Amino acid sequence: MTELYDPGVECCEVPAVNKDLVSEVRAKLPEENSMQDLAELFKIFGDTTRIRILFVLFESEMCVCDMAETLNMTQSAISHQLRLLKSNGLIRARRQGKSVFYSLADDHVSTIIQQGWDHIME
């Protein structure tokens, strides 16, 4: 049976499997469920509005009113995205009196944003 390869992708001219290497790498791969969780996390970063909110929170803790004004969006639109970001552990909320302030959940989120930005700016 002849396999079809994408002509834009270079492949070995003679297929030969290094079974030791394959076994070593397979042993280090995360569980499938963990990889699915990671893929789901990256889907959250696949929306421009959520990225804009994360960039705002990268700069400062803010309430929904201030975020809506900063991003020229409605509070309702911001709240919808905040709910998704919070349920995925990317942001946290802090109540102060009648206001709720949002911030990035931890330094990991800052690192993901900064490294992604650095990558596209290369």
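Give me the Kirkwood hydrodynamic radius of the stretch 8-105, using the inverse of the mean 1/r over all pairs of distinct Cα atoms, in Å to one decimal.
Values: mean 1/r = 0.0607 Å⁻¹.
When all Cα pairs of the stretch 8-105 are included, the Kirkwood radius is 16.5 Å.
How high is the FRET efficiency from His108 to Ala77, r the C-beta distance, R0 25 Å, rounded to 0.05? The partial results should precede the final answer.
Values: r = 26 Å, r/R0 = 1.03.
In this case the efficiency is close to 0.45.
Heavy-atom accessible area per residue, the chain, 1.4 Å probe: how many Å²?
On a per-residue basis, 79 Å².
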Next on the checklist: I want to verify a result. In a Gaussian network model of the chain, Cα cutoff 10 Å, which of these has the top mean-square fluctuation: Asp107, Asp66, Asp20?
Outcome noted: Asp20
Checklist entry - Can you pull the percent of the chain's accessible area that's carbon plus sulfur, 1.4 Å probe, other chains left in place? => result 53
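I'd like to know how the stretch 68-115 sits against the 2.2 N^0.38 Å rule of thumb: what's its Cα Rg over that expected value? Could you put the intermediate results ahead of the total?
Values: Rg = 11.7 Å, N = 48, 2.2 N^0.38 = 9.6 Å.
Cα-based Rg divided by the globular estimate yields 1.23.
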Next on the checklist: What does the extension gain come out to for Asp6 and Ser34, with contour length at 0.36 nm per residue minus their alpha carbon separation?
Outcome noted: 7.2 nm
Checklist entry - What is the distance, in nm, between label points placed 7 Å from the Cα along the Cα-to-Cβ direction at Arg94 and at His119? => result 3.0
Checklist entry - What is the chain's relative contact order, in percent, from Cα pairs under 8 angstrom and six or more apart in sequence? => result 20
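The values are calculated or read from the model by the stated rules, or taken from the named source; none is laboratory data. Predicted model only: the values in this text are computed from it and were never measured. Neighbour counts are summed over all protein chains in view; Cβ atoms, including those assigned to glycine, are modelled from backbone coordinates with ideal geometry. Areas reflect the complete protein model, heavy atoms only, side chains present, ligands, DNA and RNA absent. Shrake-Rupley method; radii C 1.70, N 1.55, O 1.52, S 1.80 Å.
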